[in-house]
Amino acid sequence: MSALEWFAHKPLGDGIFWIQERFYESGNRANIWLVRGSQRDVVIDAGLGLRSLPDYLRAAGLVEPAEGAGRRPLLAVATHVHFDHSGGLQHFEEVAVHSAEAAALLRGDNYEAVTWLSDREVGRPPRPGWRARHFRVPPVRPSRLLQEGDVISLGDRQLTVMHMPGHSRGSICLHDKERKILFSGDVVYDGSMIDWLPYSRVSDYVASCQRLMELVDRGLVEKVLPGHFNIFGAERLYRLASNYISQAGICHKVSACAMRSIASIALRITNSRVTS
């Protein structure tokens, strides 16, 4: 299957494109965002990597050909290293990730990447004989380590890094302050927030949600482009963040801890079977 078949995109205007993996039929299917700038293009998250996303972007005419004179550089930014967001980073020359998860990406740590994929989630195999049990997130050496407050310049637009741990220890949002757009990764999306995975932490998530509410209170966000599901606005962002905080009491923390232990054991067993 070609990259043109595997992916599909929708233009949102103002140089932003919404890309998805057509045959990854799962709630874990991540949104991929292409943001074009005057001097640099940025891909936010990269999907599973079963087909080459850069090949698709070039074939679909969304970025310049690789051999084009004066082409804009293309940077892939991972909002975190979970497999549904980081598997495709292997196809990019320039990769950025928060420093807290850089080592996991470099060693191809499929435990921290929460690599868990089944055959039934892939509607059409990317190639003959492909099986989900063989899927791994390969080691990738980041070319840029991100920290809170870093600015990724695209020329005519700037994306500010906001370190928002909780879902994972290196989770980030990217904030286009001028346009009041937040690329939120898995920090927040219109669904239940997941805080029971390895390296998730409820207290960090509460602090991150408080920051999200502050962004709304200060009028700094009008549109959220999340890591999963649909786009939403500031009012919904505030409600999702405040609801999480209100529910993050002691009972929730105990439940999350128990689920994290179960998930950790299952992931270690699964990954040991793959590597053995």
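The values are calculated or read from the model by the stated rules, or taken from the named source; none is laboratory data. Note that the structure is a prediction, hence the values are computed from the model and not measured. Positions of Cβ are generated from backbone atoms using ideal geometry, with glycine treated the same way; all protein chains shown enter the neighbour counts. The protein model used for the area step is the full one, side chains on, heavy atoms only, and it has no ligands, DNA or RNA in it. Shrake-Rupley method; radii C 1.70, N 1.55, O 1.52, S 1.80 Å.
Dipole size of segment 121-179 about its Cα centre, with +1 on Lys/Arg Cβ and -1 on Asp/Glu Cβ: approximately 540 debye, rounded to the nearest 20. With a cut-off of 12 Å between beta carbons, the residues surrounding residue 208 carry a summed charge of -2, where Lys and Arg count +1 and Asp and Glu -1. The tail of the calculated P(r) for segment 150-276 beyond 20 Å holds 47 percent of all Cα-Cα pairs.
Rg and Dmax, both from the Cα atoms of segment 122-215 and both in Å, are 16.7, 49. Largest accessible area first, the residues 162, 1 order themselves as 1, 162 under a 1.4 Å probe with ligands, DNA and RNA left out.
Local charge for residue 247 was computed over the other residues whose Cβ lies under 12 Å away, with Lys and Arg +1 and Asp and Glu -1, and equals 0. Is segment 169-215 best put as rounded, prolate or oblate by its Cα gyration tensor, with a ≥ b ≥ c the root eigenvalues, rounded for a/c under 1.5, and otherwise prolate when a/b is larger than b/c, oblate when not? In terms of gyration-tensor shape, prolate.
Using a 1.4 Å probe on the protein chains only, how many percent of the accessible area of the chain belongs to carbon and sulfur? Working shown, then result.
On the way: 6010 of 12050 Å².
C and S atoms contribute 50 percent here.
Is the shape of segment 193-245 best called rounded, prolate or oblate, per the rule: a/c under 1.5 gives rounded, else a/b larger than b/c gives prolate, else oblate, with a ≥ b ≥ c the square roots of the Cα gyration tensor eigenvalues? Taking the square roots of the gyration eigenvalues as a ≥ b ≥ c, segment 193-245 is oblate.
Which value at 222 nm does the chain reach when only helices count, each DSSP H run of 4 or more adding -39,500 (n - 2.57), with the total divided by all residues and rounded to the nearest 500 deg cm²/dmol?
Result for the chain: -8500 deg cm²/dmol, rounded to the nearest 500.
What are the GluC sites (Glu not before Pro) within segment 168-273 that DSSP puts in a loop, where the Cβ has at most 16 other Cβ atoms within 10 Å? Kindly include the intermediate steps, with their values, before the conclusion.
Working: sites: 178, 214, 222, 235; in loops: 178, 222.
Of the GluC sites (Glu not before Pro), the ones in loops of segment 168-273 whose Cβ has at most 16 other Cβ atoms within 10 Å are 178, 222.
Under the definition of Cα pairs under 8 Å and six or more residues apart, what whole-number percent is the relative contact order of segment 107-219? Once normalised by length, the contact order is 19 percent. Listed values (i) 27.7, 108; (ii) 18.0, 59; (iii) 18.1, 54 include one computed from this model; for Rg and Dmax of the Cα atoms in Å that value carries the label (ii). Using 0.36 nm per residue and subtracting the Cα-Cα separation, the extra length available between residue 133 and residue 252 on full extension is 39.6 nm. Projecting the Cα positions of 99, 263, 168 onto the charge dipole of the chain (unit charges on Cβ atoms of Lys, Arg, Asp and Glu, taken about the Cα centre) puts 263 furthest along the positive direction. Phi angles of segment 111-122 translate, via the Karplus equation with coefficients 6.51, -1.76, 1.60 and θ = phi - 60°, into HN-Hα couplings of 6, 5, 6, 6, 6, 8, 10, 10, 4, 5, 7, 10 Hz per residue; Gly and Pro are given as x. Per-peptide packing, taken as the mean over residues of other Cβ atoms within 10 Å, places 85-95, 165-175 in the sequence 165-175, 85-95 from highest down.
For residue 24, what is the net charge nearby, where nearby means another residue's Cβ is under 9 Å from its Cβ and Lys, Arg count +1, Asp, Glu -1? That works out to -2. Protein heavy-atom accessible surface, 1.4 Å probe, per residue over the chain: 44 Å². Got the relative contact order for the chain handy, in percent, Cα pairs under 8 Å and 6 or more residues apart? After rounding, I find 15 percent. If one computes the Cα centroid of segment 228-245 and of segment 29-99, what distance in Å separates the two points? Their Cα centres are 26 Å away from one another. Relative contact order of segment 170-271, taken over Cα pairs closer than 8 Å and 6 or more residues apart, is 31 percent. Taking θ as phi - 60° and the Karplus parameters 6.51, -1.76 and 1.60, the scalar couplings of segment 203-218 work out to 4, 5, 5, 4, 5, 5, 5, 5, 5, 4, 5, 5, 4, 5, 4, 8 Hz in sequence order, x denoting glycine and proline. Each residue of segment 82-91 was assigned a 3J(HN,Hα) from its phi angle through the Karplus expression (A = 6.51, B = -1.76, C = 1.60, θ = phi - 60°), giving 4, 4, 6, 10, 10, x, x, 5, 4, 8 Hz with x at Gly and Pro.
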